[in-house]
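Reading through the structure tokens given below for one structure.
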Amino acid sequence: MEQLPENISMLLSFVNMKLRDEYSSLDELCDSMDINREELVAKLAEGGFEYNEGQNKFW
């Protein structure tokens, strides 16, 4: 698994960049990077962010 940023703002930026530039869905990103989707969504939710599938980004 790739090391993810601990800082919530950096994590948000990193994940959204990957979704924008490399992956067409959150599932694809998580599968490719060996990331637990539920843990990632929960961590970003702690910062007040949620995934928008239609826009393929967290906000």
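Worth pointing out:
- Of all complete DSSP H helices in the chain, those with a Cα span along the helix axis of 15 Å or greater and a mean Kyte-Doolittle hydropathy of -1.0 or more are 8-21.
- Inter-label distance for Glu46 and Gln3, nm, one decimal - labels placed 7 Å from Cα along Cα-to-Cβ: 1.8 nm
- Estimated dipole of the chain in Debye, rounded to 20 [Cβ of Lys and Arg +1, of Asp and Glu -1, Cα centre]: 240 debye
- Of all accessible heavy-atom area on the chain, the percent that carbon and sulfur account for (1.4 Å): 45 percent
- Each of Ser32, Phe58, Leu4 was placed along the dipole of the chain (beta-carbon charges, centred on the mean Cα), and the one lying farthest toward the positive end is Phe58.
- Once the Kirkwood radius over Cα pairs is known for the chain, the Stokes-Einstein relation at 4 °C and 1.567 mPa s delivers a diffusion coefficient of 115 µm²/s.
The values are calculated or read from the model by the stated rules, or taken from the named source; none is laboratory data. This one's a predicted model, so the numbers in the text were calculated from it and none came from an experiment. With ideal geometry, Cβ positions are generated from the backbone for all residues, glycine too; neighbour counts draw on all protein chains shown. Calculation scope for accessible area: heavy atoms of the full protein, side chains included, ligands and nucleic acids excluded. Shrake-Rupley method; radii C 1.70, N 1.55, O 1.52, S 1.80 Å.
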